[in-house]
Amino acid sequence: MTVKSYIEKVKDEVYKCVHCGFCLTSCPTYLVSGQELESPRGRISLMKATLESQIEPDEKTFQHWDRCIQCRACEPACPSGVKYGMLIESAKNGMKEVKSNSFSYRFIFNLIINLSISKWFINLNSTIFRIYNNLKISSILYMLKISRILPSKLSQLETMIPKVYGSPLKSGQFLIDNSKFKIALFRGCIMPGIHGDNMRNTVKLLNYLGFDVEVVASEVCCGSISSHNGDLENTIKLAKHNIDLFLDDEFKYLLISSAGCGTRIKEYYHLFDENSEYWMKSKSLKDKTLDIYEFLYQNIDQKPNRVINKTVSYQPACHLLNTQKVIDEPIELIKMIPGIKFVELPSSNICCGAGGAYSITQPIWSKKVLDKKMNEFNSIKIDVMTVSNPGCFIQLQGGLKMLELHTEIMYVTDLLYYSYIEGEN
């Protein structure tokens, strides 16, 4: 198949775009470049030109599509309701088909994708990162001024090496007496390896609030990494596994603490023909899938009691804000905590540049977007920046490290944990 044939499948969405430009002020890559072809409108123009045989997409065309972070902020901004996420994923599926004519590309692509979603590889990396941080290698490189002579891309990647919080979260059942009902907590790929303690805090918080929790051993990657990089075949395979697994399990809700995973799972039905077996199954799974903050906001019976005297802001995850429309719930949960002074972050609706694997595949553009976001950090005085996605956590923590700022990055669930559970100790 060609790029054109993939875009052909979603051409109705291509021609919905009337090139009004409302998307421009919401697009992070356009905001840092001012270039039309780095905007949703510009990228759709390339798709339209491809459909009409005005151009044959080449590496230069692919570059513009690759530079899209897939934050989907353009979707709520679009008065025509263009489903841009479907468009860019279709274009990237076509790109993969073209590039896969090269054996070396197929080998490297499949290796990277498979390693990215492999639990053993993620756990190995978390161990390496933990050792790296414990030995304070980054400080040594800075003190010896070695970091100054590293190539810029390598220096940036070194800065973005994440802190590791505890050992990886393992599967299991976390049961309590007199439970209201049982829920399943989706681990995802990155979060349990890098932020194991944070996920354990979430489990303890859910137990404290009266719910049995199960972390299912046989879950697989949600498929967002694969779909964002044009691997539709693998995405469907992963989706079918998770759909069958979670529909068979006995729980009331599937909770997601990583916004990117939540969007992918809630949108599994996009992968299947309407009214097919798995389309209907994926719709059933969507109906019992909630983001952790949706669930907490709807199911908290008692407010947290420990006073936390901190000035706090919130950077929403793009997929939580733009696709799941979970907008006010995390902020209202933060405001429930006594002592918190909440300060709104300017342009909080604009992406931080993390974008799943984007910070690795497009480090230069990721940093451009991050730099703009960090300038906004400097405009407000806060103690804690809260987030709702591991990619945002790692990206913003790296940005703070580059600027040598002492603002703490936390999940909203961590703040709630400290106010509810630590408040009783």
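The values are calculated or read from the model by the stated rules, or taken from the named source; none is laboratory data. Given the structure is predicted, the values throughout are model-derived calculations rather than measurements. Here the Cβ is made from the backbone with ideal geometry for all residues, glycine too, and neighbour counts use every protein chain on show.
With the checklist (1) of a type outside the set (Gly, Ala, Ser); (2) crowded, with 18+ Cβ neighbours inside 10 Å; (3) modelled with pLDDT under 95 in hand, flag the one item PHE211 doesn't pass.
(3)
Report yes if LEU345 is surrounded by fewer than 20 Cβ atoms within 10 Å (Cβ to Cβ), touching an Asp or Glu at 6+ places or on another chain (Cβ under 7 Å), touching a residue at least 12 places away in the same chain (Cβ under 8 Å) and among the aliphatic types (A, V, I, L, M), otherwise no.
It is true that LEU345 is surrounded by fewer than 20 Cβ atoms within 10 Å (Cβ to Cβ), touching an Asp or Glu at 6+ places or on another chain (Cβ under 7 Å), touching a residue at least 12 places away in the same chain (Cβ under 8 Å) and among the aliphatic types (A, V, I, L, M).
List the number of the failed condition for SER258; all other conditions in (1) over 21 Å from PHE211 (Cα atoms); (2) modelled with pLDDT under 95; (3) surrounded by 15 or more Cβ atoms within 10 Å (Cβ to Cβ) hold.
(1)
Would you say GLU233 is more than 30 Å from GLU404 (Cβ to Cβ) and modelled with pLDDT of 90 or more?
no
Within region 288-299, can one find any residue that is surrounded by 15 or more Cβ atoms within 10 Å (Cβ to Cβ), over 27 Å from GLU332 (Cα atoms) and not assigned by TED's automatic domain parsing to the domain that holds ALA73?
The answer is no; no qualifying residue exists.
Can we say LEU37 is at pLDDT 95 or above, of a type in the set (A, V, I, L, M), closer than 22 Å to SER348 by Cβ and part of a helix (DSSP H, G or I)?
Against the criterion (at pLDDT 95 or above, of a type in the set (A, V, I, L, M), closer than 22 Å to SER348 by Cβ and part of a helix (DSSP H, G or I)), LEU37 does not qualify.
I'd like to check which helices (runs of 4 or more DSSP H) are fully inside region 226-333 and have at least 3 residues that are among the charged types (D, E, K, R).
Those helices (runs of 4 or more DSSP H) span 232-248, 277-287.
On the given criteria, is LEU247 at negative phi and either touching a Pro at 6+ places or on another chain (Cβ under 7 Å) or free of Cβ contacts under 8 Å to residues at least 40 places away in the same chain (or both)?
yes
Does LYS252 fit the bill of being basic (Lys, Arg), at pLDDT 95 or above and not assigned by TED's automatic domain parsing to the domain that holds VAL412?
So LYS252 does not fit the description; no.
Sort out which residues of region 214-225 are assigned to a helix (DSSP H, G or I) and either surrounded by fewer than 19 Cβ atoms within 10 Å (Cβ to Cβ) or among the hydroxyl-bearing types (Ser, Thr, Tyr) (or both), and write them in order of number.
If the condition is that a residue be assigned to a helix (DSSP H, G or I) and either surrounded by fewer than 19 Cβ atoms within 10 Å (Cβ to Cβ) or among the hydroxyl-bearing types (Ser, Thr, Tyr) (or both), then SER224 is the only one that fits.
ASN101 versus (1) at pLDDT 70 or above; (2) touching a helix residue (DSSP H, G or I) at 6+ places or on another chain (Cβ under 7 Å); (3) of a type in the set (S, T, N, Q): which is the lone unmet condition?
So ASN101 meets the others, but not (2).
If you scan region 45-64, which residues turn out to be in contact with a helix residue (DSSP H, G or I) (Cβ under 6 Å, 6 or more places away or on another chain) and either closer than 29 Å to MET374 by Cα or part of a loop (DSSP other than H, G, I, E, B) (or both)?
ILE55, PRO57, PHE62, HIS64
Could you please tell me which pairs satisfy a Cβ distance under 7 Å, a separation of 6+ or placement on different chains, a first residue in region 2-21 that is in the same structural domain as GLU89 (by TED's automatic domain parsing) and modelled with pLDDT of 90 or more, and a second residue that is polar (S, T, N, Q) and outside any helix (DSSP H, G or I)?
Within 7 Å, the pairs are LYS16/SER80; CYS17/SER80; VAL18/SER80.
Answer yes if at least one residue in region 312-330 is in contact with a strand residue (DSSP E or B) (Cβ under 7 Å, 6 or more places away or on another chain), more than 29 Å from LYS368 (Cβ to Cβ), touching a residue at least 24 places away in the same chain (Cβ under 8 Å) and not assigned by TED's automatic domain parsing to the domain that holds CYS74, and no otherwise.
No - not one qualifying residue is present in region 312-330.
Identify, from the list ILE176, ILE190, ILE236, the residue that is in contact (Cβ under 8 Å) with a residue 40 or more places away in the chain and among the β-branched types (Val, Ile, Thr).
Residue meeting the stated conditions: ILE190.
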